[in-house]
Amino acid sequence: MRPFMRTALSMSRLVSAHSFHLKSNATPIISHSSRSLRIPLFKLPQGVCRPNSSSEFRWFCSKSRIAAATMQNRESVSYLTQKEAAEVDEILMGPLGFSVEQLMELAGLSVATSIAEVYKVNEYKRVLVICGPGNNGGDGLVAARHLFHFGYNPSICYPKRTPKPLYAGLVTQLESLSVPFVSVEDLPLDLSKDFDIIIDAIFGFSFHGAPRPPFNDLIQRLVSLNEYKEAKQRFPVVVSVDIPSGWHVEEGDISDSSFKPDMLVSLTAPKLCAKRFHGPHHFLGGRFVPPSIVSKFNLHLPPYPGTAMCVRIGKPPQVDIAALRENYISPEFVEDNVEADPIHQFRKWFDEAIAANLREPNAMSLSTATSDGKPSSRMVLLKGFDEDGFVWYTNYGSRKAHDLAENPRASLLFFWDGLNRQVRVEGTVQKVSEEESEQYFHSRPRGSQLGAIVSPQSSVVPGRHFLIDKFKELEDRYSNGSLIPKPKYWGGYRLKPETFEFWQGQPSRLHDRLQYSPCEIEGKKVWKVERLAP
Ligand SMILES: NC(=O)C1=CN([C@@H]2O[C@H](COP(=O)(O)OP(=O)(O)OC[C@H]3O[C@@H](n4cnc5c(N)ncnc54)[C@H](OP(=O)(O)O)[C@@H]3O)[C@@H](O)[C@H]2O)[C@H](O)CC1
Ligand SMILES: Cc1cc2nc3c(=O)[nH]c(=O)nc-3n(C[C@H](O)[C@H](O)[C@H](O)COP(=O)(O)O)c2cc1C
Ligand SMILES: Cc1ncc(COP(=O)(O)O)c(C=O)c1O
Ligand SMILES: [K+]
């Protein structure tokens, strides 16, 4: 007998609550004891925190649309020597036909997107980009331009300009955006007051020896930031492009006068020195490496999710949960601008959620309660709404169905994160007609139709195989494409709204909340709109 078994999920953050117990007959029982279940934490103010590397995790990433932050076990990532880095460059720009402009543009864009992912523009606006004489400096110039377009205020310190058309062009582009160029002399010795982010684009993989003037002095100012950090609440973060400048490209921070960046954006593949980087944010950029390079150098690199230009390497930073918060900034939502009919208002916001390309804007939390008031919530998908109400489909033997049978009242909650909005809808619930359920059932993918048949939703099953075996059996039975009959125990519900609340997040927690409730004026049913305190 195994008295206690942890869940198989090896995910990063220990949060709380339930664990699985195995009885001798191996029937799993969920215990409400204070054992631990590891669950992932997703949204962080500084980037996105993910579970540790695992197959569950890769699955999770492939589902996720959140831009870039993927995890990869650092041990499994390849590191390049200085010679290999130069060789990769030569092959890219030789037989593979790339131009330095192209690669620099993609490298600089990766740096900018990595920064934007971790350091949000509303908190970290003022950026100083210190550019060195080589291509690393060029990456910095490109990143500055993209950051400008992302809403940041970059300034550039570029003391040893390279007299080549590529660099002159990058400077002209920045000047045309009125991005200021600051000389070393005009730059404050203490960089901590004037900037929120300092980008170290001084040296890349061609650095050798000890830094020469004026870069030795600039690097020293970055080293000094550590001392200021100890004394101050707020200090700038330092982001190094490809190599923390002054670090040995392979050995890392072996000199006394080296600084520790908060973020490192490795380009193409991390160089050996990156093994010594222990800061909170290590990203990979330069999404242009063709398979021939990957196989020639036997590179193991994390996959870039979706269309992202960057990907996180290694563990996400530890976070203080109590400090996780967003300050919502949205257009005002006022009485003058709302629709008289809450369904029209809902349609307006729903359309905007669709237009904003939010993931599953029709996902809603459905709360029900037993007749003695024991509540429970779960997500369901909205499948339609109009004057008659809000419709979703489910199993009529499920827990929610039992609740609704004895207490036909429910509450729906939509949370549209990207728009800082939530909508609450409360009312009474009825089953939709059999015909309506039939029609919807047959519109679903055939796999989901079979899934609905095989799943005795909310009841205990002996294992995953129980569902899969039944599913395969049905798949065979209906492989000829014949109609899959809707089971009697599956169908829709419609919630007829009694009240609505539209919530728009605002700064300092002074949100807009407009509540609709029905009232009668001269025998006519109308909706009363009232503002609630946030
Ligand atoms: N394939 C890629 O991933 C791409 C990466 N890119 C970026 O390019 C750099 C490498 O660029 P490179 O121009 O080869 O080198 P650096 O930017 O590191 O700088 C070389 C210049 O720095 C001078 N240098 C070297 N050591 C010192 C020192 N100790 N003190 C002062 N100056 C120094 C060097 O002068 P030398 O006279 O010493 O030769 C050069 O002037 C890579 O890291 C990426 O950031 C591309 O943008 C895209 C493709
Ligand atoms: C985004 C999302 C959408 C879901 N949509 C539905 C749905 O439309 N119908 C459904 O029965 N279950 C849906 N589920 C699963 C439910 O959350 C829940 O696990 C299931 O209905 C059993 O709930 P119950 O035991 O409280 O009845 C969804 C889950 C998620 C995360
Ligand atoms: C168990 C279950 N039933 C139904 C649905 C809704 O799916 P569909 O959009 O195919 O109706 C979901 C969606 O996640 C679900 O998990
Ligand atoms: K650098």
task: Within the range 505-534, track down each residue that is open to solvent by 70 Å² or more (accessible area, probe 1.4 Å) and in contact (Cβ under 8 Å) with a residue 60 or more places away in the chain.
output: Ser508, Trp527, Arg531
field: Residue ranges of strands (runs of 3 or more DSSP E) in the range 335-439 with at least 3 members more than 20 Å from Tyr489 (Cα to Cα) and assigned by TED's automatic domain parsing to the domain that holds Arg513
entry: 363-369, 375-381, 384-386, 409-416, 421-431
Exclusive hit being modelled with pLDDT under 95 and open to solvent by less than 10 Å² (accessible area, probe 1.4 Å), set Leu264, Leu225, Leu284: Leu225
field: Unique residue being modelled with pLDDT of 95 or more, touching a Leu at 6+ places or on another chain (Cβ under 7 Å) and away from ligand 4 (no atom under 16 Å from the Cβ) when the list is Val460, Val429, Val423
entry: Val429
message: Can you tell me which condition Lys486 does not meet? The list is (1) under 26 Å from Leu366 (Cβ atoms); (2) assigned to a strand (DSSP E or B), and all the others hold.
response: (2)
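So in the range 191-208, with the set limited to residues that are among the charged types (D, E, K, R) and touching a strand residue (DSSP E or B) at 6+ places or on another chain (Cβ under 8 Å), which one is nearest to ligand 2 (Cβ to nearest atom)?
It comes out as Asp196.
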task: Kindly list, by first and then second residue, each pair from a residue in the range 359-370 that is of a type in the set (Val, Ile, Thr) to a residue that is part of a strand (DSSP E or B), limited to pairs with Cβ atoms under 7 Å and residues at least 6 apart or on different chains.
output: Thr368/Ser376; Thr368/Ala410
message: Looking only at the range 439-470, count every residue that is touching a residue at least 12 places away in the same chain (Cβ under 8 Å), surrounded by 13 or more Cβ atoms within 10 Å (Cβ to Cβ) and not aliphatic (A, V, I, L, M) and tell me the total.
response: 11
query: In the range 331-355, what count of residues is obtained for those that are hydrophobic (A, V, I, L, M, F, W, C) and modelled with pLDDT under 95?
result: 0
- line: Exactly one of Phe390, Phe415 is under 28 Å from Trp349 (Cβ atoms), out of contact with any helix residue (DSSP H, G or I) (no Cβ under 8 Å at 6 or more places or on another chain), away from ligand 1 (no atom under 16 Å from the Cβ) and open to solvent by 10 Å² or more (accessible area, probe 1.4 Å), and that one is Phe415
- request: Looking at (1) in a loop (DSSP other than H, G, I, E, B); (2) open to solvent by 10 Å² or more (accessible area, probe 1.4 Å); (3) not assigned by TED's automatic domain parsing to the domain that holds Pro211, find the lone condition where Ala322 falls short.
  value: (1)
- prompt: What number goes with the only condition from (1) in a helix (DSSP H, G or I); (2) away from ligand 1 (no atom under 13 Å from the Cβ); (3) of a type in the set (S, T, N, Q) that Gln102 does not pass?
  reply: (2)
- request: Could you tell me whether any residue of the range 169-180 is away from ligand 3 (no atom under 16 Å from the Cβ), within 23 Å of the chain's Cα centre (by Cα) and over 22 Å from Phe205 (Cβ atoms)?
  value: no
- line: Over the range 358-380, the set of residues of a type in the set (Asp, Glu) and within 11 Å of ligand 2 (Cβ to nearest atom) is Glu360
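Quick one: in the range 471-504, of everything that is among the hydroxyl-bearing types (Ser, Thr, Tyr) and open to solvent by 70 Å² or more (accessible area, probe 1.4 Å), which residue is farthest from Phe333 (Cα to Cα)?
Ranking the qualifying residues of the range 471-504, first place goes to Ser479.
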- prompt: Restricted to the range 287-307, and to residues that are part of a helix (DSSP H, G or I) and touching a residue at least 60 places away in the same chain (Cβ under 8 Å), which residue is surrounded by the most Cβ atoms within 10 Å (Cβ to Cβ)?
  reply: Ile293
- request: Go through (1) in contact with a Leu (Cβ under 8 Å, 6 or more places away or on another chain); (2) within 16 Å of ligand 4 (Cβ to nearest atom); (3) not hydroxyl-bearing (Ser, Thr, Tyr) and name the single condition Gly140 misses.
  value: (1)
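The values are calculated or read from the model by the stated rules, or taken from the named source; none is laboratory data. What you are looking at is a predicted structure, and each value in this text was computed from that prediction instead of being measured. Cβ sites come from the backbone with ideal geometry, for glycine too, and all protein chains shown count toward neighbours. Heavy atoms of the whole protein, side chains included, go into the accessibility calculation; ligands, DNA and RNA do not. Shrake-Rupley method; radii C 1.70, N 1.55, O 1.52, S 1.80 Å.
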